[in-house]
Structure formats: C-alpha cells, structure tokens
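The values are calculated or read from the model by the stated rules, or taken from the named source; none is laboratory data. Nothing here was measured: the structure is a model prediction, and the numbers come from that model. Every residue, glycine as well, gets a Cβ built from its backbone with ideal geometry; the counts of neighbours run over all protein chains shown. Just the protein is used for accessible areas: all its heavy atoms, side chains included, with ligands, DNA and RNA removed. Shrake-Rupley method; radii C 1.70, N 1.55, O 1.52, S 1.80 Å.
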Amino acid sequence: MSSLGMGTPGSPSTREKAKLGLKKKSGVKTRKPVTIQSVKSLPLDFRFTSGSPAGKGGDRSESDHLAAVVEEEDAGNMDSPYSSNSGSLEVEAKVGGPELEELVDSPARSRLPAISSSRIESRWSDTSSYGAKKKVQAWCQLSNGDWALGKVESTKGTESVLSFPEGKVLKFNTESLLPANPDILDGVDDLMQLSYLHEPSVLYNLEYRYARDMIYTKAGPVLVAINPFKEVLLYGKNYIEGYKRKSMDSPHVYAIADTAIREMIRDEVNQSIIISGESGAGKTETAKIAMQYLAALGGGSGIEYEILETNPILEAFGNAKTSRNDNSSRFGKLIEIHFSSTGKISGASIQTFLLEKSRVVQCAVGERSYHIFYQLCAGAPSSLREKLNLKKAVEYKYLKQSNCFSIAGVDDAERFRAVMEAMNVVHISHEDQDNVFAMLAAVLWLGNISFTVIDNENHVEAVADEGAHTVAKLIGCDISDLKVALATRKMKVGKDIIVQKLTLSQAIDTRDALAKSIYASLFEWLVDQINKSLEVGKRRTGRSISILDIYGFESFNKNSFEQFCINYANERLQQHFNRHLFKLEQEEYIQDGIDWAKVEFEDNQDCLNLFEKKPLGLLSLLDEESTFPNGTDLTFANKLKQHLNANTCFRGERGKAFSISHYAGEVVYDTSGFLEKNRDLLHMDSIQLLASCKCPLPQMFACKMLVHTENPVGNQYRSSGADSQKLSVATKFKGQLFQLMQRLESTTPHFIRCIKPNNSQLPTTYEQALVLQQLRCCGVLEVVRISRSGFPTRMSHQKFAKRYGFLLLENVASQDPLSVSVAILHQFNILPEMYQVGYTKLFFRTGQIGSLEDTRNRTLHGILRVQSCFRGHKSRCYAKERRKAIVTLQAFIRGEKTRRLYSAMVEKHRAAAVLQRHIKCRIARRKFVDVRNASVVIQSGKQSTNLVSHHKIFGLVNQNVSFLCHRDEPFFYLFWPLLNHFSFFIDLI
C-alpha cells in the first residue's frame, strides 16, 4: 500500500502565518499571580474524554470564557515573553513526558486551514516552545456553513472582529465563536484529548490526520475510520505482529480486534465489533480487516481460511456498484466467530439482514445489479455458457437498463474464478454450484420474457420466445406452466376457483416478483450452506466475537422504504450505544468513589416508540395498511398523519411524504412503494410453479416460502397476494433486529464508525460538510456531547503529582501522591465543583487542566531558557577544547603522514641506486666480454699464422739435428735440450 504524499512539505500553516502577521510591541507584561484563567492547555499522556465544562456554580460556557480572555488580552495590550512572537526554542530537555515527534508536513486540501510541519501527532514534548498567543484564535461559521479559523482582533460588546489568513476581516457575534485548541494538540489520536470539543475542532483534527494517512482516530470508546480511497501502508503481517505484541498502540482496527479477543479470553464474556457508516464509507473492508486479525491470532485449525473465503461469495451475491460506492453492501450481516478454550477459532455463523431485492430487477443509470451477474457473464467457461445459454451482460434487460456493465480496475472474469474457488473452500459441491449458476441465469432470462396483449382489456400472455424456453429449462418446469403462472392469477371466491387474466403491468410485476424471490431465496440458501460448512459442533465453548457490518444512518433527497428500515435499525443501535457508554462512565465513577449525580441525556426512546408502539406505531400502521387489498401509498400516508400528528417526532408533509425526527436529524420519507415493498408479493401461483420444478433448488425455495404461509396445505388460493404470506418485510426485520439487539446486549461492544470523506471516491479529498453530516449521523458528536456531561479529563494521582508536583512552593517529596495532588489543587485555587478526587484518579471538568498546563509550560520555558544559556556556554567551551584538540591531532597526523612519505621516498631512492648499480655492472660486464671475445678472435688469427711459421722452422731444425745426430751421437745429447727449449719458445710465441 502506498504512502500519502500531499501538498508541499514545509509550507507554513494558517496559524503560523497569523503569528508572523503580528507586530511586536515594546514592553514586557509583568507576570501574573499563580491563579490562571486561560484557554490554552498542553495535555501529555493522560486521557481526555470530552470538551466543555458542564459543571455547576461558577462554570461558564466556551464563548463566555473566550470573551473574557479576549478582553483580558486587549486590556494588557502588550507582548508576553512567552508569546508566539518570541522565537521558538528548540532545546532538548528531559523534564517529564516523551520526546517530541514531528510530523511530515502535508497540508490538507480542503477549506480548513493548512497545517504546519512542526505539529506533533499523538505524543507531546514538554520541551516544545510555549507561546501564549497575544490574540486568541477562534472558530467561526461562515455564511456557506463551513468553519474557519480566525484571530480575534478586538471585542466590543457582543461583537468580535476576526482576521483571516487571506486578509479578510469580518465581524461575528461573540457568543457564536468557539475557542480553538492550542497548536500542540493538532493531530491527536483521540478526540477526547482535545481541550475543546466541538464540530470545527473535531473536523480539523480528523482532516489533519487524514492528510497524513492516519485514517484511524479514537473518539473515546469509538474508533473513527475515514475511507482513504486508496491503499495505505497500515496492514500486513508486520502490523498484525506489532499489535499482537503491543509494540504498536496507535488507533487501528487491529487494536479493536486485539482488545476484543483479549477481553473475551480474560473475562470469559462474548465480544462484539459494531461497524457502521454510510455506503462507500468502507464498512465491508473494515470488517474484513478485523476478520483477518482474528484469523491471524486465532488460526491454526484451518477453519479461519474458510471464514475468510466467505467474503468473496457474500460480496459477489450481496454487493453492487452504486452511485456512491463501487462495492456497496446491499445487506447487513453479523458474523459470529466462535473460539475454543485455548483461544483458537473453532467455527463461525453468519446472519444477514434486509437484502435489497429490488436491485435484481431495477437499478438506476450508472449503477449495476449484483456483481455475480456480470461475473457469470464474463467468466463462465464455455461448457457452462453453453449449458446455461449465457449471453453477454448487455443482452439482458435487467442488466442493460442502467447502461453500466463494468467497474474501472475490476476484472469480473477473474472475480468469478475467485468465487468458484471460494465455493470449493466452503464445501459447496460442483453439482450445487451448477444449480446456483442455473438459478442466476434463470433470473437474467426472466427479465427477457416479454408479453403480448390478447384482448381489448389489455390482458396479456407470455411469449414463448428464447427467454421463456430458457427459463423453463433452467428451473425444470414446463413452459406452459410458466406462461400460465406469469399471465394469470387464481382466486378463490366461495367454493369456486376463478382464473383471472393479468394486465401488462400486473404480469410484469409478477415476473419481477418471481425473479426477486428466486434470487433472495438463493442468497439465503448460500448463507445456510456456508453456515453448515463453518458450524462449530462439538467444539462449541460459548465464547465468540461477533462482527456486525450494518448500514449506517441514511438521508437522501428521496428516502424510501429501505431508508425507513435502515434508520429504524440505527435508532436501535444508537440506543444500545448510549446505554453502553453511560454504563462505562457510571461504573468508573462508582469504582473511584466520586460524588457524581447521574447524567441525564437526550434519549431516543420517543423515536423508537414512534416506530414500535402498538397499535398506532409506524410499523403497526404499515402492516395494517398492507393487509388491505385496496390500500395505497397515499392512504397509508394519510393514515399516518391522522394518527401520529400529535407525536413530537413525527410531522406530516404534503402528498405522500412524512418526516421523522431521528437522533441524527430530521428525515423526510416518500411513501411511494412502501406497501408493495413491505408486502413483498409472491402469489401462490408462483410458489406452486417453483414447487413443481424438477430442479432441487426451486423446490427447496418453494418449501421454505410455504412455511411462512398461514395455511400451507389448505386455502392455497387467496384473493390477495399479501394474505399468502404471514409476516411482512417490516415485521420480519423488526424480529431480526430484536434478536440482534438481544445478542449484542449479552456482549461487550466495540464500536467502529466509518466515514466517507467525499462523494467522488477520490483520495486526499476531504469535504467538510459531508464529513460533518456523517459525524452527526453515526453518533460521533453524540459521544462527545455525552462525555462532556461528566468529568472527561482523568489522571491518576501518581501521574498528576509527577507532572505538576515541582510547581508547589514547599518541598513535598516525602508526601504521598494523593497529598501532593490535593496541595496542587489548593495552591492554584481550582474550584471544588470543577474536580473530584477519587480513590485512584482525579476527575476534572473540561478546560480545568489548561491553567495548570499554562503555568507548567511557562515554568518549563524559563527553565529551558536557563538550560539553553548554560548548555550554550558549555557547548562553546567544549567546542573550543575540541577544536584545540582537533588541531593538535591534525598536526600530529600531518607530521606522521609527512614522515612516512619522506621515508617512502628515501626507500625509493635507495632502491633506484641499487638498481642503477646493477644495471651499470651488467652493461660493463657485457662490454668487457665483447672486448675479450674480440681480442681472442684477433689473437687466435695471429697465433695460427705464427704456428705455421713455427712448424716450418721446427721441421727444418729437426731435420738438421737429426742429420747431425746420426753423424755424431754426442752431439745429439748436447743439442736436444736446446731443441726442446726452442720448441717451447716457438709455442709461446
């Protein structure tokens, strides 16, 4: 999932621009006594749960408080050394609280002001610069209904002048202004941590977080989830492991699911996760995310994979593209996941509510019918297409009337293969799958059946065309029986049975009613098959977590029967929510032993009585009128006006309209179609047709329908289709709703409110008016209002003493935290009615902690200034010493480096001399050898010449001597040695 990149990092915020616009004035305001009255606060790690004081005695409203502060500021008319004009001090100081965490700047694209990058998220630093603004910022409502943040320039009487960043200056009634929270609280992860809780502050905080991909925000016990309309990096194994090991604690669906499973194991009490919101708010995805976390923690047996694989099936058969959402759930569902004694998933069951059957036969332009129809047409294999005689989606009248056949980025063929794989996982046999697809094709072909007029009275009969033949083949009936069931109606008059021919409009209604009933019965059958696959059996332990994915409060330009039922369900859920919220509040007050009077709140029981009261409630009157054959939507509207005009929650409108004052606002309903949808007509002729079919599924559908009739054996033919069914849609829905509430009452609930930020389904787009409407409708602002009635700010004695104990004038280090806490309250003159001292905690009215925070931050600011000066001096001295040491070290290093370089050069010089010597010796040796060889050659030539001469002389002498010796022997002995010497001499030469 991709991270969010919005705006330009570092762009100045509206508040910072306002600060820069202030001119500094000379002079210093003298410090006031310890008693403080301020609108600024800086909470740290304690938990807020509300906004404005609703206390007794000296309590004042937010606007009065604001006006008082403004007048006080104007009277002084001088800058404070702690004002925003004084430079910010960025110094780290370990004085309580976590370190400051900066958020990456990314201005939100909306009408609300931009945000500075220096704002913090959910943890606050005690060392951040404190700036008590000279002129208070306030929220004001513009003429177009949007909220804007301005700076109060002056206040005179009941009027205040506000300036805005774009340069505008406007006048507002002081009482209409709402105080702004300090900058330090921008982007807190729990709305109850805001000092001032009202519509603009909640909107601003949600937008701040949404612009940074922090789509989850807590509102006390409620998790607010804003649909990002894109993938965000908030899910996966790493996040699951982080929340499992408690290394992550930011608001998240994983955190809600983790709390539910841990409380179920610890307290042995069933849990429930209630997810609500309007279409497109992300309820279905949120439910799947919660299921993924539960499957990851409780998995191991393999059943968790089957549970997750139910989502593709339910989405294909129960979701459709609407003008507001490409994957809108057109039904409500409760998934109850069962766990074993070891905390592992052992099974599950699914219950559905109020499927929108009318979408099968009619949907608006630009919308689609249920996904499975388009997936079947696009992804069915050739063998199945031939068997079912499937055509393209554009060739079916039920599908082509909206002129929308695809969804951008969605491959229907691929989704169809995923549905088939999911059916295999939940053990739906291939034969049953073929029967399911046959019923879907039969519904599509029913829409293609046409009628022809046969007489002057506009009576018709069904045409035996391709559509009729295909339907008869798919459901396994005779085509003649199908034609009779669609074009005629049997009525019992006395003892006789009369066959009445239908007009064109009646025949079309009969055809559409049959198509709707087949599809609705098929949907119920699928849910039953899934439940059989997921059933717990012998592994049941009674521990479970239920995930309720149900429609939120709806109010459109035209509200019909569906909105009527949906808003009734939301009234019930809102009452459950209020009771649970007050129960938690009361239990905490009682456990801590504080003096607390029960808080009264505006209950919605009157509105519920309007719906449920007998015999003159809305549901009773609707059922009564539905039983009359001649009853119409107009007669129903007139009956309501006649009997209910005295009720404060009801008001009659012109024509067929009436309005109801719901907890979330007034809604005008148009009764057109009320009676028809409530009756949900399917005449006995159609039921008998299904019962006579050869295919197993239509037979099962007919048997189940006959169970709901008053007399399934006798009196099969009645004068009115409404009489053929025992319970109306409204009555059945009311019964389901009561069963649901009984189940939820026995569980510990966890609430998730899903918010849709814009109608265009675009990421990074935040429409203020749309979000505000949903906050009102889903009850988030109601949570705030209820919490503000009590003591929303709570802090343990230990934390309170640790945080503010250093402000006491005397040394209280040896005292216990309770005594320190009481001493702090007395020293700062906090009125007794503004707080309560419990056994373990201190409980404060809204805004009371702000004065302590202001004083604490001014004190810390002074400490930080001293620390900054001392640390600056110390740092400068340290820098000088380090510089001196660095220079010495550099000199040593450079000297050592130079010496090493010189030594290397000397070694190279010596090596070069040795090399030169050897080379010169080698050259000289070669020259000597060459000269010697040349000399030897010369000598050898000369010696050879001499040797020849020598041999010649020696031969002559030898001859002469031999001659003499022969003649005189003594002569031989005399001359022979001389001859030898002469021969030697010759050889030497």
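One residue alone among E587, E562, E600, E571 is modelled with pLDDT of 75 or more and either of a type in the set (V, I, T) or open to solvent by 70 Å² or more (accessible area, probe 1.4 Å) (or both), and that residue is E587.
Looking only at residues in segment 699-716 that are assigned to a loop (DSSP other than H, G, I, E, B) and β-branched (V, I, T), which one is modelled with the lowest pLDDT? So the residue we want is V713. Scanning segment 674-698 for residues that are in a loop (DSSP other than H, G, I, E, B) and out of contact with any Ser or Thr (no Cβ under 6 Å at 6 or more places or on another chain) returns D680, L681, H683, S692, C693, K694, C695. The lone criterion from (1) aliphatic (A, V, I, L, M); (2) modelled with pLDDT under 85; (3) open to solvent by 50 Å² or more (accessible area, probe 1.4 Å) left unmet by V780 is number (3). Here S340 meets each of (1) open to solvent by less than 10 Å² (accessible area, probe 1.4 Å); (2) within 18 Å of E263 (Cα to Cα) with one exception, condition (1). Filtering segment 134-192 down to residues that are surrounded by fewer than 18 Cβ atoms within 10 Å (Cβ to Cβ) and among the β-branched types (V, I, T), which residue is farthest from V771 (Cα to Cα)? The qualifying residue farthest from V771 (Cα to Cα) is T158.
Residues of segment 515-573 being closer than 26 Å to A657 by Cβ and free of Cβ contacts under 8 Å to residues at least 12 places away in the same chain, which ones? Matches in segment 515-573: F556, N557.
Of the residues making up segment 477-499, not a single one is within 47 Å of the chain's Cα centre (by Cα), under 21 Å from S521 (Cα atoms) and in contact (Cβ under 8 Å) with a residue 60 or more places away in the chain.
If a residue has to be among the charged types (D, E, K, R), under 16 Å from I566 (Cα atoms) and at pLDDT below 90 to count, how many in segment 603-624 make the cut?
As a first pass, look at segment 603-624 and keep what is among the charged types (D, E, K, R): 603, 606, 612-614, 623-624.
From what is left, the residues that are under 16 Å from I566 (Cα atoms) are 612.
Next, only the ones that are at pLDDT below 90 stay: none.
Count: 0.
When segment 390-425 is filtered for residues that are open to solvent by 10 Å² or more (accessible area, probe 1.4 Å), in contact with a Lys or Arg (Cβ under 8 Å, 6 or more places away or on another chain) and touching a residue at least 40 places away in the same chain (Cβ under 8 Å), the ones remaining, listed by number, are C404, I407.
Residue-wise test of (1) under 17 Å from L689 (Cα atoms); (2) surrounded by fewer than 22 Cβ atoms within 10 Å (Cβ to Cβ).
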| residue | (1), (2) |
| --- | --- |
| E466 | no, yes |
| K473 | yes, yes |
| L482 | yes, no |
| K495 | no, yes |
| Q500 | yes, yes |
| D509 | yes, yes |
| A520 | yes, yes |
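Check segment 261-269 and report whether any residue there is modelled with pLDDT under 95, over 23 Å from F317 (Cα atoms) and outside any helix (DSSP H, G or I). So that I can check it myself, show each step before the final result.
Taking segment 261-269 first, the residues modelled with pLDDT under 95 are 261-269.
Okay, now just the ones that are also over 23 Å from F317 (Cα atoms), so 261-269.
Subsequent filtering for residues that are outside any helix (DSSP H, G or I) retains 268-269.
Scanning segment 261-269 turns up at least one residue that is modelled with pLDDT under 95, over 23 Å from F317 (Cα atoms) and outside any helix (DSSP H, G or I).
Here is a yes/no grid of residues against (1) of a type in the set (S, T, N, Q); (2) under 26 Å from N448 (Cβ atoms); (3) surrounded by fewer than 19 Cβ atoms within 10 Å (Cβ to Cβ):
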{"residue": "L314", "(1), (2), (3)": "no, no, no"}
{"residue": "N319", "(1), (2), (3)": "yes, yes, no"}
{"residue": "N327", "(1), (2), (3)": "yes, no, yes"}
{"residue": "G347", "(1), (2), (3)": "no, no, no"}
{"residue": "Q351", "(1), (2), (3)": "yes, no, yes"}
{"residue": "R359", "(1), (2), (3)": "no, yes, no"}
{"residue": "F373", "(1), (2), (3)": "no, yes, no"}
{"residue": "C377", "(1), (2), (3)": "no, yes, no"}
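Only a single criterion out of (1) open to solvent by 30 Å² or more (accessible area, probe 1.4 Å); (2) part of a strand (DSSP E or B) is not satisfied by S659, namely (1).
Of all residues in segment 795-839, those satisfying the criterion of being touching a residue at least 60 places away in the same chain (Cβ under 8 Å), on the phi < 0 side of the Ramachandran plot and open to solvent by 90 Å² or more (accessible area, probe 1.4 Å) are K799, K802, Y839. Scanning segment 207-216 turns up one or more residues that are over 23 Å from C777 (Cβ atoms) and open to solvent by 30 Å² or more (accessible area, probe 1.4 Å). Does G652 qualify as being free of Cβ contacts under 8 Å to residues at least 60 places away in the same chain, touching a Phe, Trp or Tyr at 6+ places or on another chain (Cβ under 6 Å) and not basic (K, R)? Taking the combined requirement at face value, the residue satisfies it. Once segment 541-551 is narrowed to residues that are open to solvent by 10 Å² or more (accessible area, probe 1.4 Å) and within 28 Å of the chain's Cα centre (by Cα), the residue that is farthest from S323 (Cα to Cα) is R543. For S944, the test of being of a type in the set (S, T, Y), out of contact with any helix residue (DSSP H, G or I) (no Cβ under 8 Å at 6 or more places or on another chain) and either surrounded by fewer than 10 Cβ atoms within 10 Å (Cβ to Cβ) or modelled with pLDDT of 95 or more (or both) is passed.
Residue-wise test of (1) modelled with pLDDT under 90; (2) on the phi < 0 side of the Ramachandran plot; (3) part of a helix (DSSP H, G or I).
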residue	(1), (2), (3)
G167	yes, no, no
S195	yes, yes, no
T217	no, yes, no
E231	no, yes, no
Y235	no, yes, no
Y243	no, yes, yes
K246	yes, no, no
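Checked against the criterion of being over 51 Å from the mean Cα position of the chain (by Cα), open to solvent by 30 Å² or more (accessible area, probe 1.4 Å) and within 17 Å of Y396 (Cβ to Cβ), segment 450-463 contains one or more residues that satisfy it.
Being open to solvent by less than 30 Å² (accessible area, probe 1.4 Å) and either β-branched (V, I, T) or out of contact with any strand residue (DSSP E or B) (no Cβ under 7 Å at 6 or more places or on another chain) (or both): is that true of E554 here? Working first, answer last.
Details: open to solvent by less than 30 Å² (accessible area, probe 1.4 Å): yes; either β-branched (V, I, T) or out of contact with any strand residue (DSSP E or B) (no Cβ under 7 Å at 6 or more places or on another chain) (or both): yes.
So E554 fits the description; yes.
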